[in-house]
Structures are given as structure tokens and as C-alpha cells.
Amino acid sequence: MTFPKIVEEHVIFDRIRTNSMDSPASPTAHSTYMRMKLAAAMHLLRLGSGGDPLVVSEEDWELAGVLADSSAKTFEDARKQSDIMRSERMAERMKLTDDASDVAETQRAKKVEDRIMSLLEDAPSHELSRRSLHNSISKRQREVLSPALENLMRSGRIRASSKGAGGEWYKLI
């Protein structure tokens, strides 16, 4: 099958551009090849109206270009839509992860509050220093010690007092 001179020029131009690029798999070279295949298929579809079965016309080449452009646009639109959907799914996953993390943090703070209350109930005079509380809980629980103490004071279950150089002390109310 032979193609018009314009197709040969297009193919030569794409080969030169492909050879001068870092990557031999140029997307433009592939699209030119696909356009040639489309032009040949369109020519074969039109054989019923006469003409040489081995010669692709310039009209077939132009129509194949329109189809190839439409296909590339459709592909790009689908890719953009897919990117949007992927971003939305990722945002939803991150939100669920953040929500789960917040719930876990709340549960951990609640456990620390319960541990503080238990330690204060068992302490003589129901009073302990911040240092004693800090040393009596696990490392992971220490991360939420301050918020737990604040929450217990806000809820009116304990109160804080300063005792000179000894730092803050907490007592059951």
C-alpha cells in the first residue's frame, strides 16, 4: 500500500524528531503510525466507490488525522477524569485515616484519664505530683498526659496546685 507524499514527509519528520529525543519511544511517532493504520483502514472501507486498492488518498490521511485527534482528546479527557477520581479517593482515604487517628487519640486520652484517676485514688491523701504521674504511665500515654490532665481539671474531677520547687501537684476533688 502506498501513501501520499505528505504522509512520507510526516513520517520522516517524526523519525528525525524521535532520533533527536532521549527516548526512542516517542508518543508522536506512535500516533503517526496509528494515523497511517487508520488512513489505510478508511481507504479499504471506501474501495466500493472505486479507486486503486493499494493507494491511500490524502483525504483518507486527513480523515484519519481527525479521528486520531478525537481519540487523543478522548484519551486525555478520560485520563483527567481518572486523575480527579483517584485524587478524590485518596482524599477520602486520608480523611478516614485522620478520623480513625482522632478516634484512637481520644480513646488513648480516655485511658490516660482513667489511669490518672486510679493513681490518685490509690495515692495517700489522693494527691500526686506531675512527675509521679508522668513516671507511672507508659511512653505512649505520656504523649497525651497534658491534654488528659487539662480535661480532668475542666471536668472538675481534679485540681492542680503548685507546691514550691516540687512543681505541679494534682488532687482528687
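The values are calculated or read from the model by the stated rules, or taken from the named source; none is laboratory data. Everything numeric here is computed off the predicted structure, so don't read it as measured data. All Cβ positions, glycine included, derive from the backbone under ideal geometry; neighbour counts span all protein chains shown. Calculation scope for accessible area: heavy atoms of the full protein, side chains included, ligands and nucleic acids excluded. Shrake-Rupley method; radii C 1.70, N 1.55, O 1.52, S 1.80 Å.
Total residues in the range 65-110 satisfying the condition of being closer than 24 Å to Leu38 by Cβ, at pLDDT 85 or above, among the hydrophobic types (A, V, I, L, M, F, W, C) and open to solvent by 90 Å² or more (accessible area, probe 1.4 Å): the figure is 1.
Considered as a group, the residues in the range 144-156 that are touching a residue at least 12 places away in the same chain (Cβ under 8 Å) and out of contact with any strand residue (DSSP E or B) (no Cβ under 9 Å at 6 or more places or on another chain) include one that is surrounded by the most Cβ atoms within 10 Å (Cβ to Cβ), and that residue is Ala148.
Just one of (1) in a loop (DSSP other than H, G, I, E, B); (2) under 37 Å from the mean Cα position of the chain (by Cα) fails for Ala148. It is (1).
With Ile137, Ile116 as the choices, which residue is aliphatic (A, V, I, L, M), open to solvent by less than 50 Å² (accessible area, probe 1.4 Å) and outside any helix (DSSP H, G or I)?
Exactly one residue qualifies, and that residue is Ile137.
Taken as a whole, the condition of being surrounded by fewer than 13 Cβ atoms within 10 Å (Cβ to Cβ) and part of a helix (DSSP H, G or I) does not apply to Asp60. Scanning the range 9-43 for residues that are modelled with pLDDT of 70 or more, surrounded by fewer than 17 Cβ atoms within 10 Å (Cβ to Cβ), charged (D, E, K, R) and more than 15 Å from Glu59 (Cα to Cα) turns up Glu9, Arg15, Arg17. Scoring Arg159 on the criteria (1) open to solvent by 90 Å² or more (accessible area, probe 1.4 Å); (2) in contact with a helix residue (DSSP H, G or I) (Cβ under 8 Å, 6 or more places away or on another chain); (3) assigned to a helix (DSSP H, G or I) leaves a single failure, condition (3).
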